[in-house]
Amino acid sequence: MASRPTRRAICASLVGLTAKAERPVTGGFVFESQNSGHAIRDHRQFPAPKQSVKLPIVIVGGGMAGLSAAWWLEKRGFRDFVILEMEKEAGGNSRYGQNEVSAYPWGAHYVPVPNTESVLVRELFTELGLFVDGHWDERWLCHAPQERLFLHGRWQEGIEPDIGLTAEDHRQFRAFDARIKEFRATGQFRIPMAIGAPADSPLDKVNFRHWLDSNGFKSPYLHWLADYSTRDDYGASSSDTSAWAGIHYFAARDHDEKGPLTWPEGNGWILRKLLQKLGKYVRASQPVVRIGKVGAAWEVQTAETLYTCGAVIYAAPAFLLTYLDSTVPPVKTMNWSPWLVANLTLDRMPAEKGLEPAWDNVTYNSPSLGYVVSTHQNIQMRTDRTVFTHYWALSGASPAQARRDLLSTDWGVWKERILADLERAHRDIRQCVSRIDLFRNGHGMVRPIPGFLTNPERKSWQNGRERFYYASADVSGFSIFEEAQYRGVEAARRALAGVS
Ligand SMILES: Cc1cc2nc3c(=O)[nH]c(=O)nc-3n(C[C@H](O)[C@H](O)[C@H](O)COP(=O)(O)OP(=O)(O)OC[C@H]3O[C@@H](n4cnc5c(N)ncnc54)[C@H](O)[C@@H]3O)c2cc1C
């Protein structure tokens with residue numbers, strides 16, 4: 001049910017104070033592009049475009065998938081294309097912000113050190129100077145301490161629960177690790193997923209929570225870790241996630257990985273580097289409002305321009321296409337997780353007892369995913385001011401219901417929810433925070449629901465249409481940088497072959 005702001009919260013937000021009269025907190029919502037998206041959904045009439053342009057390839061969407069398609073085309077010496085981006089800036093879920101204290105992410109904030117088989121990621125990271133002579137740039141390998149968990153009233157190192165577990169809990173964690181090792185050895189769980197994923201799997205017939213239960217994994221701590229992990233990577237609870245995808249989270253990475261790679265602005269660092277090379281192709285603030293086939297050509301229309309092209313690389317969300325092209329049926333079976341990302345500016349760090357702050361700070365049994373500290377990679381000795389990026393995957397209700405709550409709840413109420421969440425571990429958080437900005441991302445990422453491996457809608461995105469190639473991470477059924485890059489490059493390969 002959409003929650004209504006309480007009177008206390010409304011009064012508090014009006015004066016910028018909480019009821020306990022802490023320091024004022026300012027802020028607001030950022031990006032707020034729902035109106036452009038909803039105008040497309042509602043088939044609003046758009047003005048006739050003022051100009052027309054012919055090009056061999058048009059890329060729709062300037063997130064990591066669209067930019068990766070462009071990266072690959074340009075590397076092959078192909079330059080006759082544009083990237084049409086709805087927002088004022090390209091980047092999608094990898095956008096970032098900057099204030100007087102630090103840069104900070106608005107979504108994606110790390111990439112695990114890629115396995116050797118993730119060849120495209122390694123190629124890009126070598127080009128960007130992250131991987132030189134077989135060594136990862138130490139500046140951007142996450143510094144210690146990497147992760148901590150607030151459990152039973154105190155912080156412990158790492159996010160795998162350790163404090164207060166029974167011998168049976170510990171045994172189950174060891175048994176789970178052993179099962180994951182076996183799964184890893186099957187070669188099914190790889191990145192990009194396309195190089196390992198089977199066409200079908202019994203693991204994809206059930207949800208991850210059910211799989212844990214039916215395999216004797218009943219420890220509440222293990223259940224929490226599994227649920228935390230699926231919320232973290234897929235924005236969905238373990239009971240809404242395919243067991244295959246849940247296992248992929250644990251089994252797809254090489255065991256001896258170091259890292260992850262992370263930056264103050266998160267994956268915005270990669271975005272910035274890509275835009276230095278590819279920004280010239282981006283047409284920002286150009287939402288595509290219609291796509292259609294006319295004879296052998298495709299037409300892609302924005303408010304200003306009608307593009308006629310030989311091939312389309314579609315790197316915008318898959319659910320949107322039905323509103324752009326009336327011949328495409330609506331997506332019925334796949335769904336997208338809504339997210340709330342908050343950037344909190346702190347004038348000082350909260351007081352700590354025990355462990356020092358880590359890069360990633362998680363509270364056991366919190367509905368949120370905790371926060372990352374944007375200044376963590378700074379090499380200067382001490383920073384008082386910082387920015388916390390607080391992540392909240394709204395996985396408790398159905399995506400549609402959670403989206404309604406996300407959009408109908410005002411800033412003051414969200415501010416209170418976030419501060420109350422942080423207060424579990426930081427009693428003095430209200431004395432530290434001076435600003436909270438919020439990004440409501442209604443369709444943050446596609447969910448790998450049970451049955452996603454064989455899902456006909458996802459299959460249709462994989463197949464594409466005649467010289468129309470889907471590129472976003474949606475094609476993989478789950479959204480991480482590596483999948484967006486792989487799908488972008490695959491679409492570019494096919495598009496180039498299609499127009500040559
Ligand atoms: C909160 C959050 C945290 C995340 N954290 C991580 C992380 O730490 N590490 C990681 O690897 N991944 C993370 N991800 C996953 C992230 O989605 C991927 O890493 C990747 O950025 C997805 O890229 P994409 O291009 O597939 O999609 P998107 O980033 O969604 O890009 C789609 C683009 O299409 C544009 N668009 C939409 N409609 C139109 C239109 N009509 N016309 C033109 N353009 C349009 C959008 O504006 C957007 O720029 C996170 C995602 C979220 C939501």
Q: State yes or no: is ASP384 outside the structural domain of ILE480 (by TED's automatic domain parsing), surrounded by fewer than 18 Cβ atoms within 10 Å (Cβ to Cβ) and within 22 Å of TYR104 (Cα to Cα)?
A: yes
Q | Scope the stretch 337-348; condition open to solvent by 10 Å² or more (accessible area, probe 1.4 Å) and within 15 Å of the ligand (Cβ to nearest atom); matching residues | A | TRP339
Q. Of all residues in the stretch 136-147, which are assigned to a loop (DSSP other than H, G, I, E, B) and surrounded by fewer than 18 Cβ atoms within 10 Å (Cβ to Cβ)?
A. ASP137, HIS143, ALA144, PRO145
Q. With respect to PHE125, is the statement that it is in a helix (DSSP H, G or I), in the same structural domain as SER219 (by TED's automatic domain parsing) and within 28 Å of the chain's Cα centre (by Cα) true?
A. no
Q. What tally of residues in the stretch 349-361 results from selecting those that are in contact with a Phe, Trp or Tyr (Cβ under 7 Å, 6 or more places away or on another chain) and surrounded by 21 or more Cβ atoms within 10 Å (Cβ to Cβ)?
A. 1
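A quick yes/no check of all residues on (1) assigned by TED's automatic domain parsing to the domain that holds ALA236; (2) free of Cβ contacts under 8 Å to residues at least 12 places away in the same chain; (3) out of contact with any helix residue (DSSP H, G or I) (no Cβ under 6 Å at 6 or more places or on another chain); (4) away from the ligand (no atom under 11 Å from the Cβ):
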position: GLN431; (1), (2), (3), (4): no, no, yes, yes
position: SER434; (1), (2), (3), (4): no, no, yes, yes
position: GLY464; (1), (2), (3), (4): no, no, yes, yes
position: TYR469; (1), (2), (3), (4): no, no, no, yes
position: ASP474; (1), (2), (3), (4): no, no, no, no
position: PHE478; (1), (2), (3), (4): no, no, no, no
Q) On the given criteria, is GLN377 on the phi < 0 side of the Ramachandran plot and away from the ligand (no atom under 16 Å from the Cβ)? A) no
**Q.** Where a residue in the stretch 185-206 is on the phi > 0 side of the Ramachandran plot and its partner, wherever it lies, is of a type outside the set (Asp, Glu), with Cβ under 6 Å and at least six apart
**A.** GLY187/GLY196
Q: Filter the stretch 422-443 for residues that are open to solvent by less than 10 Å² (accessible area, probe 1.4 Å) and either in a strand (DSSP E or B) or among the acidic types (Asp, Glu) (or both) and give the result.
A: VAL433, ILE436, LEU438
Q: May I ask you to say which residue of ASP254, ASP232 is farther than 15 Å from VAL60 by Cβ, within 14 Å of the ligand (Cβ to nearest atom), open to solvent by 10 Å² or more (accessible area, probe 1.4 Å) and not hydrophobic (A, V, I, L, M, F, W, C)?
A: ASP232
Q: Could you please give the count of residues in the stretch 303-327 that are of a type in the set (A, V, I, L, M), within 25 Å of PHE481 (Cα to Cα) and in a strand (DSSP E or B)?
A: 3
**Q.** Single unsatisfied condition, ASN365 versus (1) within 16 Å of the ligand (Cβ to nearest atom); (2) on the phi > 0 side of the Ramachandran plot
**A.** (1)
Q: Restricting attention to the stretch 99-120, report how many residues are more than 10 Å from the ligand (Cβ to nearest atom) and of a type in the set (A, V, I, L, M, F, W, C).
A: 5
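Here is a yes/no grid of residues against (1) modelled with pLDDT of 95 or more; (2) away from the ligand (no atom under 12 Å from the Cβ); (3) open to solvent by less than 40 Å² (accessible area, probe 1.4 Å); (4) closer than 16 Å to GLY279 by Cα:
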residue	(1), (2), (3), (4)
ILE57	yes, yes, yes, no
GLY62	yes, no, yes, yes
LEU67	yes, no, yes, yes
PHE81	yes, yes, yes, yes
GLU89	yes, no, no, yes
GLY97	yes, yes, yes, no
GLU127	yes, yes, no, no
GLY134	no, yes, no, no
Q: Report whether or not GLU265 is surrounded by fewer than 21 Cβ atoms within 10 Å (Cβ to Cβ) and within 14 Å of the ligand (Cβ to nearest atom).
A: no
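The values are calculated or read from the model by the stated rules, or taken from the named source; none is laboratory data. These numbers were taken from a predicted model, which means no experiment stands behind them. Cβ: placed from backbone, ideal geometry, glycine included. Neighbour counts: every protein chain shown. Note: areas computed on protein heavy atoms with side chains; ligands, DNA, RNA excluded. Shrake-Rupley method; radii C 1.70, N 1.55, O 1.52, S 1.80 Å.
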